[in-house]
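The values are calculated or read from the model by the stated rules, or taken from the named source; none is laboratory data. Quantities reported herein were computed from a predicted structural model and do not represent experimental measurements. Cβ sites come from the backbone with ideal geometry, for glycine too, and all protein chains shown count toward neighbours. Side chains are part of the model used for accessible areas, which takes the heavy atoms of the whole protein and leaves out ligands, DNA and RNA. Shrake-Rupley method; radii C 1.70, N 1.55, O 1.52, S 1.80 Å.
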Amino acid sequence: ALATLALPAAPAVGRRAGEGFRAVLALPAFRRLLLCSALIQGSHAAYYAFGSIHWAAAGLSGTVIGLLWAWSVVAEVALFAWGRRLADRLAAPGLVALAAVAAVLRWGITAETVWLPALAVAQALHALTFGAMHLAAMRVLQAAVPPVVAGTAQTLHGAAVGAVMMLATLAAGPAYAALGGTVFWTMAAMAGLALVLRPLSRGTD
């Protein structure tokens, strides 16, 4: 907060209140991005809330669970560090499709087994379920959104993902109580819906 005091003043752009939001939401590519990002990133809700609880109940130690979380971060960082060629090749629509397919696979594995090698594979997929979707979002925001409303677009994108994540997390509580580990199949369904909707974004980058 203190560091922001050193930032230069933002130039006045002469927009009325709410005009930036309307301008951003009028962009078809951005609307599709909101939907796909919210579904794929929101599909992590049960994992974030109950992944450790589920694994601990299955007998995995705290050390193993901690290493599984750390391994997912390593995979994510590796994609950001060395995935430029892949991202350029697939472009935003391909990255969205890759993230959605990886999420369906990841949550399916998480729902069906607590076998450690399988969980290690599922956690490595975090590079795609989170990382690839994030890269796709950044590409759409950079290419399809005018710079004058770029901040508004990022705010709306973050809010949409956060809102769906919140609602999915709230729903995951009673769902996990009733279904146990099979609750992760509902997360797979969310990602699958994004995959169905993904062809609508063809040609967007």
Divide by every residue of the chain the summed helix terms, -39500 (n - 2.57) for each DSSP H run of at least 4, and state the resulting mean residue ellipticity at 222 nm, rounded to the nearest 500 deg cm²/dmol. -24500 deg cm²/dmol
Connecting C-alpha atoms closer than 10 Å in a GNM of the chain, tell me which of 143, 127, 81 has the biggest fluctuation. 81
For the chain, set up a GNM with springs between Cα atoms under 10 Å and report which of 113, 129, 63 has the largest fluctuation. 63
Max mean-square fluctuation residue, GNM over the chain, Cα-Cα springs under 10 Å, options 148, 164, 104: 148
On a 0 to 90 degree scale, rounded to 10, what angle separates helix 45-57 from the longest Cα axis of the chain? 20
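What FRET efficiency would be calculated for the residue pair residue 84, residue 163, taking the C-beta separation as r and a Förster radius of 41 Å, to the nearest 0.05? Don't skip to the answer; put the middle values down first.
Details: r = 31 Å, r/R0 = 0.75.
About 0.85, to the nearest 0.05.
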If I fit a long axis through the Cα atoms of helix 184-197 and take the longest principal axis of the Cα atoms of the chain, what angle between them do I get, 0 to 90°, rounded to 10? 40
Is the chain best put as rounded, prolate or oblate by its Cα gyration tensor, with a ≥ b ≥ c the root eigenvalues, rounded for a/c under 1.5, and otherwise prolate when a/b is larger than b/c, oblate when not? prolate
For the stretch 147-188 and the stretch 106-136, what is the separation of their Cα centres, given in Å? 17
Simple spin-label model, 7 Å along Cα-to-Cβ: residue 171 to residue 121 in nm? 2.8
Quick one: helix 150-179 against the long Cα principal axis of the chain, what's the angle to the nearest 10°, folded into 0 to 90? 20
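Could you report the chain's accessible area per residue, 1.4 Å probe, as an integer in Å²?
On the way: 10480 Å² over 205 residues.
Here the per-residue accessible area is 51 Å².
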Between residue 74 and residue 9, what is the FRET efficiency for a Förster distance of 45 Å, r being their Cβ-Cβ separation, to the nearest 0.05? 0.65
